[in-house]
Amino acid sequence: MDSKESVDETEAELDSNRDAHSSLKHQLLGPSLTKAGQDAVDQRKVGYSIRQHQYILPKETRETEGQQVSEIIYNASKGSKFFNHEEARDRSLTSKIERILSLKARLEKVDLTTELRRADEYIAELEHERDLSQTVVHIDCDAFFAAVEELDRPDLKTVPMAVGRGVITTCNYHARKFGCRSGMAAFVAKKLCPHLICLPQNFDKYNAKAREIRAILADYDPRFESASIDEAYLNLTAYCAENNLGPEEAVHRMRAEVLEKTKLTVSAGIGANAKIAKIASNRNKPNGQFRVLNDRASIMTFMGDLPVRKVNGIGRVFERELDAVGIKTCGDIYRYRSMLTKLFGEKAFQFLIHAYLGLGRTRIQPAEEYERKSVGTESTFSETGDRQQIRDKLRWAAEELEKDLSRTQFRGRTLVLKVKLHTFEVLTRQTVPPRAVHLAHDLYTFALPMLVKLEKELPDMKIRLLGLRCTNLLSTKRTGNNFFNLNPSLTHSQPIEWRPVERDPDPEQEFEQAARQERQDDMNELEILSQELSLDSESLDPTKDDTEGDSSPRHIDTSNQSWDCPICRRPYPSEDKSFNAHVDFCLSQQKIKELVKRSSLEPLPVKSQSRKRKISSNIKGLTTNSRQKRGYFH
DNA sequence: GCGGATCAC
DNA sequence: TATGGTGATCCGC
């Protein structure tokens, strides 16, 4: 073990000394070059593409490409503000790595048997709970945006093409051969590939296509999980059992059906959990699938020589830190298990051990069942130090955010202002307004002091981006469990259909979740009520002149029979404890009549909670651009 | 709880 | 000439 480590150290040292700019060049290559499939796989796929589309690129050219790509990117970027910022980040990471290495050197001299035992106990515990009973599939559309564009423009199939104007979001496989990658500035991509065709993105089109695909996936697992616009997880355990099919056959069938009905190719990974499925889906991309068998040995072998960078959650930075320590593959993790906590923290330790063991979640559920934590908007513009212009940007952000909050039915207890300086440095400031906010005027007014403070701290502040985000959300949704909907007549006219029991992996947990949700809904409703009835805060309210009626409590339905509050006339179940408190509160308000007048403008229709609706919203997927990106453990 | 940083797509 | 937007999580303080 000792000799191994010292070898790794020497390699790491060589790496960092070889070229002062090598790590920076690596950074500049962008996240996707290192993330996407191994070189060998890519090379093979180039051959595939050539056969498929008769697009010939001489082999020699391709091989020198790898050398040239980083040079071209480096030269295109050199001297820019963006480049300088990247350089600064690179320097700070390098010094962070130095600290990590000196800590590692100290740790090698001390007795770590306690830590070693703790790590081994943790591993044994996880091993004991390993679940190999499920068949999880990750579906990933191949070059999704580009592929959808090619459906409308078949002529683009044979030439390098990318989607995205300023920054490339997706490019087809011809463009990738030139080194073009998602996340790359378009002008850099054009340097790599002068003939590159850049199309503007058309999200409506991609969403429509994604819905078609999801409709197919739903037949294989009605509780499939949209992970993003072009990715999904399915649990095929039940489907395979019911149809007496092996996982490979089932996935083949599914992919063939998607191709036939949508003319789009998808790649798939099959494994015992989401993490393995996700990694496996990249193995035979594009238009391929790969399965890791559900036995411990297969999984350990698969993970053993897997570069850590392939694991979801390990990005460029963590990759470099791990590499410096001597961890290049998931198999390397084991050797350092006793010092991982001290080097990287407890969460990272647990995460890495999970990666080493090939463990991941087996619970797949519709994305909508994940609780949203924030709603925000931001936009980039040509840099400006003009205070009025910046206020206009803030106003615009506030208006955009109001729309998003209205669409998602949330308010924010906390408001976050984000700016990116002309140097690309990012700053955020947050505040807790006197009440949850959702109106543009409020958002603007409570964000402005943060901006003013920043302008005082940085008198010459020039910014290139401004954003607003609400966190600590307050839901204004009424779910089926909400007490306002427990009215018997309502339940009768719109019965709730329960999901089939056999699809329910953990009824107890589901029940607890439902109960928790119900309590949360009640709390939310009460909080909203108290906020809206709280005229005390109106002295603080900068939007008292609001005439849109939007701030009135329309979200409370008044069209159904129930027990209305005699003061504000809103429905309330009489048995609810808070009813009396509510009436007392109403009575104590002097300006209540004014409020009632506003609140009676128009009631909002009650939403149906039928299963049909649930599934259709699952197919519809995530709302615009919303990503369900989960951290180390989900 | 706040602000910075990292990560995914 | 020029390097995105949305959302989540973790860490140090």
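The values are calculated or read from the model by the stated rules, or taken from the named source; none is laboratory data. On a predicted model such as this, the values are computed, not experimentally measured, just so you know. Cβ atoms come from the backbone with ideal geometry, glycine included; neighbour counts cover every protein chain shown. Note: areas computed on protein heavy atoms with side chains; ligands, DNA, RNA excluded. Shrake-Rupley method; radii C 1.70, N 1.55, O 1.52, S 1.80 Å.
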Worksheet item: Taking all protein chains as present, what is the carbon and sulfur share of the accessible area of segment A:297-453, in % to the nearest whole number, probe 1.4 Å?
Response: 50 percent
Discussion item. Using DSSP to call loops (not H, G, I, E or B), can you name the GluC sites (Glu not before Pro) in segment A:118-161 whose Cβ has at most 12 other Cβ atoms within 10 angstrom?
Written reply: A:129
Worksheet, complete the sentence: With a ≥ b ≥ c from the Cα gyration tensor eigenvalues, square-rooted, and the rule rounded for a/c under 1.5, otherwise prolate when a/b > b/c and oblate otherwise, segment A:367-475 is prolate
Worksheet, complete the sentence: Cα-Cα longer than 24 Å, checked against A:209/A:373; A:328/A:420; A:35/A:275; A:177/A:328, kept in input order, equals A:209/A:373; A:328/A:420; A:177/A:328
Worksheet item: About its Cα centre, how strong a charge dipole does segment A:367-475 have in debye, to the nearest 20, once Lys and Arg get +1 and Asp and Glu get -1 at the Cβ?
Response: 240 debye
Worksheet entry | Computed E for residue A:257/residue A:68 - FRET, C-beta separation, R0 41 angstrom, nearest 0.05 | 0.50
Item to complete: On a C-alpha basis, how far is the centre of segment A:112-135 from the centre of segment A:220-293 in Å? Whole number, if you could?
Response: 29 Å
Item to complete: Just check segment A:212-357 against the gyration tensor rule for me: Cα atoms, a ≥ b ≥ c as the square roots of the eigenvalues, rounded for a/c under 1.5, and otherwise prolate or oblate depending on whether a/b exceeds b/c.
Response: prolate
Worksheet item: Counting other Cβ atoms within 10 Å of each Cβ, which trypsin sites (Lys or Arg not before Pro) in segment A:447-479 have at most 14 and sit in a DSSP loop?
Response: A:462, A:477
Response to the item:
Length-normalised contact order of segment A:367-475, Cα under 8 Å, at least 6 apart, in percent, tallies to 45 percent
Practice prompt. Enumerate the calculated ³J(HN,Hα) couplings along segment A:80-86 in order (Karplus 6.51 cos²θ - 1.76 cosθ + 1.60, θ = phi - 60°), each rounded to whole Hz, writing x wherever the residue is Gly or Pro.
Written response: 6, 4, 4, 4, 4, 5, 4
Fill in: Inter-label distance, nm, simple model (7 Å from Cα along the C-beta direction), residue A:297/residue A:91
5.4 nm
Worksheet item: Considering amide H positions built from the backbone, and no H for Pro or chain starts, which residues 5 or more places from residue A:474, or on another chain, come under 5 Å of its amide H?
Response: A:411, A:412, A:413
Worksheet item: Among rounded, prolate and oblate, which fits segment A:69-199 when a ≥ b ≥ c are the square roots of the eigenvalues of its C-alpha gyration tensor, a/c under 1.5 means rounded, and a/b larger than b/c means prolate?
Response: oblate
Worksheet item: Remind me, relative contact order of segment A:199-342 in percent, using alpha carbon pairs under 8 angstrom and six or more residues apart?
Response: 12 percent
Response to the item:
Whole-Hz Karplus couplings 3J(HN,Hα) for segment A:112-128, θ = phi - 60° and coefficients 6.51, -1.76, 1.60, Gly and Pro as x, run 10, 4, 4, 5, 4, 5, 4, 4, 5, 5, 4, 4, 4, 5, 5, 4, 5
